[in-house]
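K.L.:
Have a look at this one before I ask anything.
Just so it is clear, none of the values below were taken in a lab; they were calculated from the coordinates. Computed from a prediction, not measured in an experiment: that's the story for all the values here. Here Cβ is always computed from backbone atoms with ideal geometry, including for glycine, and neighbour counts include all displayed protein chains.
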Amino acid sequence: DVVLTQSPLSLPVTLGQPASISCRSSYSLLHSDGNTYLEWFQQRPGQSPRRLIYRVSNRDSGVPDRFSGSGSGTDFTLQISRVEAEDVGVYYCMQGTHWPHTFGPGTKLEIK
Amino acid sequence: EVRLVESGGGLVQPGGSLRLSCAAFGFTFSGSWMSWVRQAPGKGLEWAAHIKADGSGKYYVDSVKGRFTISRDNAKNSLYLQMNSLRAEDTAVYYCVSWGGAGTTSDWGQGTLVTVSS
């Protein structure tokens, strides 16, 4: 199975400052159809997960533009340009290129 | 508005069975891939099972293969997960997830808790 490694696992951030989460894959996530199925999810405390980014860099409807995704092959990044209080939670990367689809271990973002 | 409503969770003894259901509202269910994703208490997310829009393809994580069966009824806008031979490690919140527009949309239900314990 594809293993996704996230860093850091814990991310204390000052309000208004940027934040960055890395996701590395044990295999290339470039699919034979030409797409790269790397997605990012946010799970706020006590809530269901919500997708933020699909296919590396496409924001889901309603997601603030302070969230952005980048990367290719095996290395990917989620960036938050200015962290707000509502961004507290756990962030997961997920690959949908290879079966079974797998999630990273999660990065817990908290406010300093 | 998209809504996914799971039901059927509860307490079951090891070796027992349970059937989860997910009722879908507000989108074209028959055109959407569907999944069950689970989360053990205090842990991360794990993809459990996935089914294509027309039900022709089904995929499972190794830990549930041969024990869990995913199915759907497009006429009833419903997704199911039949869970047999349950183990303590199957204890988790089970989320119903839809993937519409060839994966360009994704929606999650509120989850249903399955507890396997004697």
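K.L.:
Around B:THR105, which amide H atoms from residues at least 5 apart in sequence, or from another chain, sit under 5 Å from its own amide H, with H modelled in the peptide plane?
P.N.:
For B:THR105, the qualifying residues are B:GLY100.
K.L.:
Pairs of Cα atoms under 8 Å, at least six residues apart: use those to get the relative contact order of chain B, whole percent.
P.N.:
After rounding, I find 36 percent.
K.L.:
Further, regarding this structure: Mind checking which of A:ASP33, A:ASP60, A:ASP87 has the largest fluctuation in a GNM of chain A, springs on alpha carbons under 10 Å?
P.N.:
A:ASP33
K.L.:
Right, something else. Using 1/(1 + (r/R0)^6) with R0 = 30 angstrom and r between the beta carbons of A:ASP65 and B:LYS76, what's the FRET efficiency to the nearest 0.05?
P.N.:
0.20
K.L.:
Determine the sum of side-chain charges near B:GLY109: Lys and Arg each +1, Asp and Glu each -1, restricted to other residues whose C-beta is under 15 angstrom from that of B:GLY109. Could you put the intermediate results ahead of the total?
P.N.:
On the way: positive: A:ARG50, A:ARG51, B:ARG3, B:ARG38, B:ARG72; negative: B:GLU1, B:GLU6, B:ASP107.
Neighbourhood net charge equals +2.
K.L.:
Tell me, how many Å apart are the Cα centres for the range B:67-113 and for the range A:12-48?
P.N.:
22
K.L.:
A:ASP1 to A:ASN58: FRET efficiency via 1/(1 + (r/R0)^6), r the Cβ-Cβ distance, R0 25 Å, to the nearest 0.05?
P.N.:
According to the calculation, E is roughly 0.50.
K.L.:
Follow-up. Please work out how many pairs of lysine residues in the protein assembly as shown are eight or more positions apart (or on different chains) and have Cα atoms closer than 20 angstrom.
P.N.:
Count of close lysine pairs: 4.
K.L.:
Net charge near A:PRO64, counting Lys/Arg +1 and Asp/Glu -1 over other residues with Cβ under 15 Å of its Cβ?
P.N.:
Computed value for this residue: +1.
K.L.:
Give me the one-decimal nm value for the distance between modelled label points at A:VAL88 and A:SER32, 7 Å along each residue's Cα-to-Cβ direction.
P.N.:
4.7
K.L.:
Around B:SER30, under 13 Å between beta carbons, what's the net of Lys plus Arg minus Asp minus Glu among the other residues? Show your work: numbers first, answer last.
P.N.:
Details: positive: B:LYS52, B:ARG72, B:LYS76; negative: B:ASP54, B:ASP73.
Taking every Cβ under 13 Å from that of B:SER30, the sum is +1.
K.L.:
So for the pair A:SER81, B:GLN13, with labels modelled 7 Å out along Cα→Cβ, what separation do we get in nm?
P.N.:
My value for the distance between the label points is 5.9 nm.
K.L.:
Tabulate in residue order the Karplus-calculated ³J(HN,Hα) for the range B:48-58, using 6.51 cos²θ - 1.76 cosθ + 1.60 with θ = phi - 60°, rounded to whole Hz; enter x for Gly and Pro.
P.N.:
Going residue by residue, I get 9, 7, 8, 9, 5, 4, 9, x, 6, x, 10 Hz, with x marking Gly and Pro.
K.L.:
Quick one: 3J(HN,Hα) in Hz for the range A:48-59, Karplus 6.51/-1.76/1.60 with θ = phi - 60°, rounded, Gly and Pro as x.
P.N.:
Residue by residue, the range A:48-59 yields 6, x, 9, 7, 9, 9, 10, 6, 6, 9, 8, 6 Hz.
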